[in-house]
1. Quickly estimate the mean residue ellipticity at 222 nm for the chain, helices only: each DSSP H run with n ≥ 4 gives -39500 (n - 2.57), and the total goes over all residues, rounded to 500.
2. Of Ala762, Val725, Leu794, which is farthest on the positive side of the dipole of region 722-829, counting Cα position, with +1 on Lys and Arg Cβ, -1 on Asp and Glu Cβ, and the Cα centre as origin?
3. Taking each pair of different alpha-carbon atoms in region 614-687 once, compute 1/r for the pair, average those values, and report the inverse of that mean as the Kirkwood hydrodynamic radius in Å to one decimal.
4. Pop out the carbon and sulfur fraction of the accessible area of the chain as a percent, whole number, probe 1.4 Å.
5. Among Ser127, Pro562, Gly809, flag the residue with its Cα farthest along the positive direction of the charge dipole of the chain, charges on Cβ as +1 for Lys/Arg and -1 for Asp/Glu.
6. On a C-alpha basis, how far is the centre of region 172-218 from the centre of region 304-357 in Å? Whole number, if you could?
7. Please compute the modelled spin-label separation between Lys749 and Asp777, points set 7 Å along Cα→Cβ, answer in nm with one decimal.
8. Considering Cα pairs under 8 angstrom that are at least six residues apart, work out the relative contact order of the chain and quote it in whole percent.
Amino acid sequence: MPDDFDVVVVGAGMAGIYALVKLRELGFSAVALETADDVGGTWYWNRYPGARCDIVTTDYTYSFDPELEDEWTWSEKYATQPEILRYLQHVADKHDLRRDIRFSTTVEHAAWDDDTARWVIRTQDGSTVTGQHCVMATGCLSAPKAPEVEGFERFTGPVYFTSRWPHEGVDFTGMRVGVIGTGSSGIQSIPIIAEQAAALTVFQRTPNFSVPAGNGPTPPEMLAALAADREQYREAAKWSSFGVPLPVPTEGAMQVSEEERIRRFQQGWDGGTLFAFTGFNDMLLNPVSNACASEFVREKIRATVHDRAVAEALCPYDFPLSTKRMCLDTGYYETFNKPHVTLVDLRTDPITTITETGIDTSAGSHEFDAIVFATGFDAMTGAILKVDFAGRDGRTLEECWRDGPQTYLGLMTAGFPNLFLVTGPQSPSALSNMAVSIEQHVEWICATIDHLRAARFERIEPTETAQAGWVQHNTDWGDITLFPRAQSWYMGANIPGKPRVFLPFVGGVDTYRTICDDVVAQEYLGFSLSGADGSQCNDGVIRRLQPDVQLVIETLAELDLPLLESMSPSEARGLMAAINAQRPPGPDVGEIVDGVFPGVAGDLAYRLYRPASPGPHPVVAYFHGGGWVLGDAQYDDPFCRDLCVQSGSLIVSFDYRHAPEHPFPAAPDDGFAAVQWLAEHAESLGGIPGRLSVAGWSAGANIAAVVCQMARNAGGPAISGQLLVSPVTDADFSRASYTDNADGYILTKAAMEWFWDHYADAADRSDPRASPLRAGDLSGLPAAVVVTCEFDPLRDEGAAYADALAAAGVEVTHLPQRGQIHTSIQAVDVVISGAPARVEMGRALRRFAGAR
Ligand code: NA7
């Protein structure tokens, strides 16, 4: 009979240690299986010279045992590997964990036996243990990458890997040493190896950004913040973005003067932390802000390294700052001023082979006594996939993850019941302070196992729906950042053949913790729980909105604004003007001209946006949103600028008379007058005569659609296309999107009723000039692009209009927008996830112009 446990933990590093403590506390039988002959994980293996933590060590500690804080005093701001290893050994000893750890034991294979509801786990010596649950505490950066350099085995001298450094240390005194790799491990070890070696050659494939660590005793202000109120400090860490309490920035880097920007960059630089550039809130979102910070660091490199060519070779240009993990160094760049240190830039002089005596590059041969590989890890998935997992249906984990990891919350995988991942892919993991993330995961996992026991369930497993939703959400988060622009291990790009997907969850430790808590609060949403007595499954997707849309909704909710329907039109107009004043301005255009045109009942304003390119340009009549009640020609200013830039067209945003002062049909009548006027004046405005399209958002899209029908009915003017963004097309509140999205997504059903009540009498609402979907004949209308948003009460009527146009033979493209709400798709520079749709809209207008 194999040994049987409630829980088998794989790994006895920081995560495995805490898992054992917690499981024991809850009365579960547990064993940890560990390859090494001691605890420590990362801190057991990575013993290379200069190996240190890159999070201030007082933050990189357990919080579960407050006594530890008194028992342990860290000697430095960034503790060395031996000191951190001693700390972890101390914790293991203090909690008497070693009796539950089997050292020198490597898990090779694990198969789920559904009949017994147990994982059958085989180790390298052929022995087997079973456990109801298996907890992978194998770390994110623990499976070293293969050397991947031709001729690797030929070198006759010693070869060292930073990730598997000899316990007795290495003395490089008097040696000629080659180091391959300039990530964190290379950058930490190179200055120290240079102190010993007679000659050091650094082989650099991609230069990295590194900030001086400013190491020394822990800064008194950090100790004081901890000492003042430890509990509060730890709580703040748990609810922070990175697992470290930091001030939350409120400004983007481009919102301050250059002088102020540089001042704050310098302040961050002097602070000596990984978070040197988090003083602005857009560093990982806005390429322009990021480029400024990148150049700041490059300037520092140029100012430090004397040889200009070497300095330039050390300057990173290939990826935005922080999209590969930032490094912290002690004298790294200065090392290249030493006469015995040489840099080989592998981008211009690649390695051709390793030989018996050294390394050949395309430009020559380098002789060495020792070679050091600091070439990194198969990050985040490598250590998990090293175990050959066979799940419920016999499918292997490797097979299921062939196109990238499939997880729910980074905690579990469908088809693999009771298999838990600590800081797995698609959780904040490597983008956070691991100590904080490990504690959160271990606590969530243990509470879940405890819940199963209490509720008499034997198995838990995510549903395919929940998992697919989470994988999408994780990708959506990555996509609004600059991370996918780097060939990094976050993207799996450092391993040949590894799928290129963004691995960690980038929404922040705080957001992630809220999500995990929400899942539990919603009866384990997206998990299926089963046992002899029955089963439970509240299936669903935990986050369906685009991440930035969710943030906008949360931010507005915090403002606790009055409901639209509780206000008078003039109060609503005042509120919207105040909100709009806070928006980012949108992109620069060539020129903006304000003017007037003759509306049906007198002059009305327009605002013209001219592209920077030489004219004449195609012309677009644009109608703003605001439910026929709110707004003016400048109401959608950022969106109009963006449309102008994206389409290369002259956008003319027209005012029209508003309800309730001027109810239906004043708005479409003015809209039609505007289009007629624009057709006649296109040339004098700098447009191409005859190249006229219409566009609008929301009620403005309603006007645009109606104007197309009016122009068709009147025999002109000729309109070559209509871009309808979240259009109102019908006064029918019974469609599913009105029920599904009645509330909670900014534009509510009640608000739409309020708009309609001000705009049109019941009798008028079926007039096609109010509800264009009601037109008997939709044939002969201009080509249309209809954009609808998933969480918009107007979604289904927009889709219905697209369908009806298509049925009438009109050329139609329908662009449904996943995870967007009525007000998000045109929110330029606020909702980044809407940017691809805005590019599509620009293309549509270009197509219309070309198609005439
Ligand atoms: P990293 O950060 O993955 O760095 C590995 C380095 O090795 C990096 O500069 C790589 O260049 C380079 N590398 C990898 N393979 C090769 C080959 N075949 N030829 C030349 N150069 C190569 O690993 P680290 O161990 O330094 O740090 C890992 C994390 O541990 C770190 O981020 C901290 O969180 C702690 P590339 O950039 O791929 O061109």
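The values are calculated or read from the model by the stated rules, or taken from the named source; none is laboratory data. Just so it is clear, the model here is predicted, and its values are computed rather than measured. For neighbour counting, all protein chains shown are included, and Cβ atoms are generated from backbone atoms with ideal geometry for every residue, glycine included. Please note that ligands, DNA and RNA were not included when accessible areas were found on the heavy atoms of the full protein model with its side chains. Shrake-Rupley method; radii C 1.70, N 1.55, O 1.52, S 1.80 Å.
1. -10000 deg cm²/dmol
2. The residue sitting farthest along the positive end of the dipole is Val725.
3. Numbers: mean 1/r = 0.0775 Å⁻¹.
Computed over region 614-687, the radius equals 12.9 Å.
4. Working: 16570 of 32540 Å².
Of the solvent-accessible surface of the chain, carbon and sulfur hold 51 percent.
5. Gly809
6. If we compute the Cα centre of each part, the gap is 10 Å.
7. Taking the simple label geometry, Asp777 and Lys749 are separated by 3.6 nm.
8. Details: 1798 pairs, mean separation 85.7, N = 852.
The normalised contact order for the chain reaches 10 percent.
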